[in-house]
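Trainee: Below: one structure in structure tokens.
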Amino acid sequence: MTRYPVDMNVVPEVKMFFDEGSNTFSYVIKDPQSKACAIIDSVMDIDYAAGRISHEHADVLIKYVEDNGLELEWLLETHVHADHLSAAPYIQSKLGGKIGIGKNITIVQDVFGKIFNEGTEFQRDGSQFDALFEDGDTYNIGTMNAFTMHTPGHTPACMVHVIGNAAFVGDTLFMPDAGTARADFPGGDASDLYDSTQKVLALPDDMRLFMCHDYGPGGREVLYQTTVGEQKAANIHVGGSKSKDEFIAMREARDATLSAPRLIIPSLQVNMRAGNLPPEDEKGNTFLKVPINGELGCGPK
């Protein structure tokens, strides 16, 4: 088993930004000993019906970084999101920094490159990103040492980023009363997802866990932070004494009832390109494709 270099004495400063349109949390993580920071899971705005993109959410992040005199070192993606578009290249053009994602992005690119008929000009080697992380890789944000945990199950490329006493879990876990994310995307697997949750729950009980999404189940307020201890005690899908077999049966039955995410078609085409739009045509126009009666691998058949 990989030995992860946890240092609970490092306490990064975490600022959350919420995108109501996709129920996504983005984060600016600052090194308390310097001006260095990272951004995790940024959002690019899209009016899908009108075919227009904009950067209101990203501009708020940029303003926060600039107003606080921070130096952006990393733009991190916890996975290839199917529910929002990444703004990483736009933010990078304004603030610099390196864009990173899990190494298994290549699997996602291969699958969806075929689904969207991208042709041989679409590179499926992850070269659109500046860094491809493997399980146990380390990197720095200023004086802080961070490491990655490969947590497949929701997607093959899912990564949890652990920075001091804070872990950014992507869609591996939701808040305790919401459980876990779906595992029916291509390359997803309920068995793998259970194993990945156990890796996260093996971190120290007082490790802070930061969510990527929350939908306020039962009408409660939207929440974004919990702890390993709270998840172990109360997560409705994997907490307590729930077995792997119980989880797989629950997850597969539940996934069979879920519709495809509203923005899955534009999100995947953009996010598998590290947040870049598809290439322009000879007239300078950009298009997103909609496979008709195609197989996205999730939702009603």
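Quick note: the coordinates plus some simple rules give every number you see, no bench work behind them. Note that the structure is a prediction, hence the values are computed from the model and not measured. Backbone-built Cβ (ideal geometry, glycine too); neighbour counts: all protein chains shown.
Trainee: Taking the number of other C-beta atoms within 10 Å as the exposure measure, put T78, T143 in order starting with the fewest.
Mentor: Neighbour counts put them in this order, fewest first: T143, T78.
Trainee: Another question, if that's okay. At R0 = 35 Å, how high is the FRET efficiency between Y48 and E221 if r is their beta carbon distance? Nearest 0.05 is fine.
Mentor: For R0 = 35 Å, the calculated efficiency reads 0.85.
Trainee: Let me ask you something else. Would any residue of segment 175-204 have its amide N under 19 Å from a label point 7 Å out along Cα→Cβ of I236? List them or say none.
Mentor: What the label zone holds, given the 19 Å backbone N cut-off, is 175-184, 194, 197.
Trainee: Moving to a separate point now. Loop only per DSSP, at most 11 neighbouring Cβ atoms within 10 Å: give me the GluC sites (Glu not before Pro) in segment 179-254, ordered by residue number.
Mentor: E221
Trainee: For N145 paired with N9, estimate the spin-label separation in nm (one decimal), with each label point 7 Å from Cα along the Cα-to-Cβ line.
Mentor: Going from the N145 label point to the N9 one covers 1.1 nm.
Trainee: On to the next question. Please give, to one decimal in nm, the separation of the simple spin-label points placed at D59 and I248, each 7 Å out from Cα toward the Cβ.
Mentor: 5.0
Trainee: Report, in whole Å, the centroid distance computed from the Cα atoms of segment 73-99 and segment 1-51.
Mentor: Cα centres, segment 73-99 to segment 1-51: 10 Å.
Trainee: Related question: Among P279, P176, T257, pick out the residue whose Cα is farthest towards the positive end of the charge dipole of segment 147-301, where Lys and Arg carry +1 and Asp and Glu carry -1 on C-beta, about the Cα centre.
Mentor: P279
Trainee: Tell me the net charge near S127. Cut-off is 13 Å between Cβ atoms, S127 excluded, with +1 for each Lys or Arg and -1 for each Asp or Glu.
Mentor: 0
Trainee: Towards the positive end of the charge dipole of the chain, with charges on Cβ (+1 Lys, Arg; -1 Asp, Glu), say which of I107, A146, A202 has the farthest Cα.
Mentor: Towards the positive end, the residue furthest out is A202.
Trainee: Run through the DSSP bridge list for the chain and note the antiparallel percent, rounded to the nearest 5.
Mentor: The antiparallel fraction comes to roughly 70 percent.
Trainee: Still on this structure, I have one more. Kindly give Rg over Rh for segment 185-301, based on alpha-carbon atoms, with the Kirkwood expression for the hydrodynamic radius.
Mentor: 1.06
Trainee: How much mean residue ellipticity at 222 nm does the chain get from its helices, if each DSSP H run of length 4 or more adds -39500 (n - 2.57) and you divide by all residues, to the nearest 500 deg cm²/dmol?
Mentor: Rounded to the nearest 500, the figure is -7000 deg cm²/dmol.
Trainee: Based solely on C-alpha atoms, express the radius of gyration and the Dmax of segment 13-271 in angstrom.
Mentor: 17.5, 50
Trainee: When I248, I292, I91 are ordered from fewest to most other Cβ atoms inside 10 Å of their Cβ, what list results?
Mentor: I292, I248, I91
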